[in-house]
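Below is one structure, written out as structure tokens; comments come after it.
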Amino acid sequence: MTKRIFTNKQSFFWLVVLVFVNAAILAVVASYNVSMSHDRKMLRTQEPLLIEGADGDEYFYALPAGVTLYYDKRFPEGHDRYIVYLNHKGAIAHEDVPMRPEYRGNFISPLWVSNIDPEILKKNFKRVPLSREDVAAAIKSNEITRDDLVDIIRSLPD
């Protein structure tokens, strides 16, 4: 009978040790994750940025002003990489990216972003035809008055 009590005490001791070891590991992991998230540098854009199309397509897109970018990494070539978080409702038309050994568990395919150069902007607007309805919708959405529109038309070259 005493042998059985001794075994129960020994089992209880090892159970307590196991709980404390797990608690210590959990505390270390939690503090590491908290410190990683607080150390990440964040910046909020003050003007729109031009996004080059994926896979070298000829189109450009705009990242609006006020987007928070999270600093990720600096490269020896002289550029930095940032992370942007997006929310989306509904289904995304997509294709799955198969995991390959060369990805080492993480596939990153970044796009290039640059400040908007007025010359590039003019070039892109020449390439994108706008209908009358497009122009009317843009004017209405920005609450431009008729007087503003007359001033804009007068400032255009002949």
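What follows draws every value from the coordinates through simple rules; no lab data is involved. For clarity, every value in this text was computed on a predicted model and none was experimentally measured. Note that each Cβ is placed from the backbone with ideal geometry, even for glycine, and that neighbours are counted across all protein chains shown.
Assorted remarks:
- Test item: Cα-centred dipole of the stretch 20-158, Lys/Arg +1 and Asp/Glu -1 on Cβ, debye: 400 debye
- Qualifying GluC sites (Glu not before Pro) in the stretch 51-82, where qualification requires a DSSP coil assignment and no more than 15 other C-beta atoms within 10 Å, comprise GLU58, GLU77.
- Over the chain: helical MRE at 222 nm, DSSP H runs n ≥ 4 each giving -39500 (n - 2.57), nearest 500: -14500 deg cm²/dmol
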